[in-house]
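Report on the following structure.
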Amino acid sequence: MPQPAERRAVAEETKILISPVDYAVLIATVLLVLFGVIMVFSASYYTAGNDVNCNYDIYFYFKKQALWAAIGFVIMYFVSNFNYNRLKKLTFALYIVCNILLVMVLLFGREAGGAKRWLDIGPIGFQPSEITKIALILYLANFISNHKKILNHWGGFIACMCIIGLPAGLIAVENMSTAIVITTIGMAVVFVASPRIIYFVVGVVGAGAAGAGMLFFGEAFRMGRIEAWLDPFSDPLKKGFQTIQSLYAIASGGLFGLGLGQSRQKLGYIPEGHNDIIFAIICEELGLFGAVILIFLFVILIWRGLNIAMNSVDMFGCLIASGIIVMIAIQVILNIAVVTNTIPNTGIPLPFISYGGTSLVFMMGSVGLLLNISRYSKVVGRR
């Protein structure tokens, strides 16, 4: 039995520190959001000023994005200031509600961009898939942390795959790209928690096979995107139009860009440049220098988020932080890869930057949860 002196030594080796939030994560997020609001205005004022649906108001998208950013800051502050373990009681209910909302999207959803993604409740429209990302992280983290040895056997692994597969399958019917993001997030949480790498490998192979099956035997437009990716100039006015215009914008930017607000491709060439393709406008106006600074802010956010996960005081917090960071990282990677034609075109927004209230608010709320976890950290080796 450890003597008092030994217990004190252990306590000195591992301490729990309750401290202010991680300021690097906070500052990086604030800069990204403010930069995003500015770029949404720069990328959208020409389109909004010539659109009757925007009342010819050049500030139409800017005002809406600024409003959602303000709401996001309030939610981020609120979420960062309570004990995150209180969420454990709500995770299953939130998971079930999100799956019900996904079914409602398939039945009653509003179509946008060729797929049903939006659900309108009265005057409010939102994308349930954005809520589902964080709901899956929370429920999966709670499920695994409550059954710490569940991933020591195949039955537990299959249970986790079912938890991931239900929302991913419902989303994949209309939105393959978001389903890929959801699956990646879930698999990352399982990977962090699993003591056996073989389970993760089997899960990745199974998810990849399911995705390939839906690609080749699903809707024809998905194969069309593959063809446009391989050779966008084979159909420059239709399937390859957006990709070609994005590449023109990136090439035009050069090292330091044409100047903020000076993009030429946003003048009717890139469709809705303030949405998923906004990175191309950033490259055109701010050049390689601006793009590198933006990516650097994301790297800081991801690095500090991983640090928060590694120093979390419990498995629940560690898995939540890991899931949130993967959620941000995979969307950044996929968005930039699409804009640079590294992968086929797909509808993934650039976190904190692309126009969209649902994505922005829930992404900021997720960062608030990350900041919450950062307040309770393990300090090893402090004497």
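Could you say whether any residue in region 39-54 is part of a loop (DSSP other than H, G, I, E, B), over 20 Å from Ala168 (Cα atoms) and modelled with pLDDT of 90 or more?
No.
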inquiry  = Looking at region 51-83 only, could you name the residues that are in contact (Cβ under 8 Å) with a residue 60 or more places away in the chain and more than 30 Å from Val21 (Cβ to Cβ)?
reply    = Tyr61
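Pick out the one residue from Val189, Val201, Val205 that is of a type in the set (A, V, I, L, M), within 27 Å of Ile325 (Cβ to Cβ) and modelled with pLDDT of 90 or more.
Values: Val201 fails: modelled with pLDDT of 90 or more; Val205 fails: modelled with pLDDT of 90 or more.
Matching residue, one of Val189, Val201, Val205: Val189.
So that you can scan it fast, the table gives a plain yes or no per residue for (1) within 30 Å of Ala48 (Cα to Cα); (2) more than 21 Å from the chain's Cα centre (by Cα):
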| position | (1), (2) |
| --- | --- |
| Tyr269 | yes, yes |
| Ile278 | yes, no |
| Glu284 | yes, yes |
| Leu288 | yes, yes |
| Leu294 | yes, no |
| Ile302 | no, no |
| Leu306 | no, no |
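Starting from residues that are hydrophobic (A, V, I, L, M, F, W, C) and more than 26 Å from Val292 (Cβ to Cβ), keep the ones in region 26-65 and report whichever is farthest from the chain's Cα centre (by Cα). Before the answer, list the steps.
Residues of region 26-65 that are hydrophobic (A, V, I, L, M, F, W, C), as a first pass: 26-28, 30-35, 37-41, 43, 48, 52, 54, 58, 60, 62.
Then drop every residue that is not more than 26 Å from Val292 (Cβ to Cβ), which leaves 48, 52, 54, 58, 60.
Details: Ala48: 26, Val52: 31, Cys54: 27, Ile58: 28, Phe60: 25 Å.
Among those that are hydrophobic (A, V, I, L, M, F, W, C) and more than 26 Å from Val292 (Cβ to Cβ), it is Val52.
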query = Can you spot a residue in region 61-80 that is among the β-branched types (Val, Ile, Thr), touching an Asp or Glu at 6+ places or on another chain (Cβ under 8 Å) and modelled with pLDDT under 95?
reply = no
ask   = Taking region 230-259, which residues are over 26 Å from the mean Cα position of the chain (by Cα) and in contact (Cβ under 8 Å) with a residue 60 or more places away in the chain?
value = Pro232
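Going residue by residue through region 110-128, is there one that turns out to be closer than 30 Å to Ile293 by Cα, touching a helix residue (DSSP H, G or I) at 6+ places or on another chain (Cβ under 6 Å), at pLDDT below 90 and buried (at least 21 other Cβ atoms within 10 Å of the Cβ)? Working first, answer last.
Initially, region 110-128 is screened for residues closer than 30 Å to Ile293 by Cα, giving 127.
Still in the list and also touching a helix residue (DSSP H, G or I) at 6+ places or on another chain (Cβ under 6 Å): 127.
Retained after the next criterion (residues that are at pLDDT below 90): 127.
After this cut, where a residue has to be buried (at least 21 other Cβ atoms within 10 Å of the Cβ) as well, the list is 127.
Yes, region 110-128 has at least one match.
For residues that are over 15 Å from the mean Cα position of the chain (by Cα) and either part of a helix (DSSP H, G or I) or among the aromatic types (Phe, Trp, Tyr) (or both), scanning just region 172-194, find the one that is nearest to Ala135 (Cα to Cα).
From region 172-194, those over 15 Å from the mean Cα position of the chain (by Cα) are 172-174, 190-194; that's our starting set.
Next cut, either part of a helix (DSSP H, G or I) or among the aromatic types (Phe, Trp, Tyr) (or both) only: 172, 190-193.
Details: Ala172: 17, Val190: 15, Phe191: 18, Val192: 18, Ala193: 18 Å.
By that ranking, first place goes to Val190.
Name the residues in region 240-260 that are assigned to a loop (DSSP other than H, G, I, E, B) and either in contact with an Asp or Glu (Cβ under 7 Å, 6 or more places away or on another chain) or among the acidic types (Asp, Glu) (or both), would you?
Result: Gly257, Leu258, Gly259, Leu260.
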note = Within region 39-49, the residues that are without any contact (Cβ under 8 Å) to a residue 60 or more places away in the chain and either touching a Gly at 6+ places or on another chain (Cβ under 6 Å) or surrounded by fewer than 17 Cβ atoms within 10 Å (Cβ to Cβ) (or both) are Gly49
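Please work out if Ala321 is under 12 Å from the mean Cα position of the chain (by Cα), closer than 20 Å to Leu136 by Cα and at pLDDT 95 or above. Full working, then the answer.
On the way: under 12 Å from the mean Cα position of the chain (by Cα): no; closer than 20 Å to Leu136 by Cα: yes; at pLDDT 95 or above: yes.
It is false that Ala321 is under 12 Å from the mean Cα position of the chain (by Cα), closer than 20 Å to Leu136 by Cα and at pLDDT 95 or above.
The values are calculated or read from the model by the stated rules, or taken from the named source; none is laboratory data. All values derive from a computational prediction rather than experimental measurement. Glycine also receives a Cβ, built like all others from the backbone with ideal geometry; neighbour counts cover every protein chain displayed.
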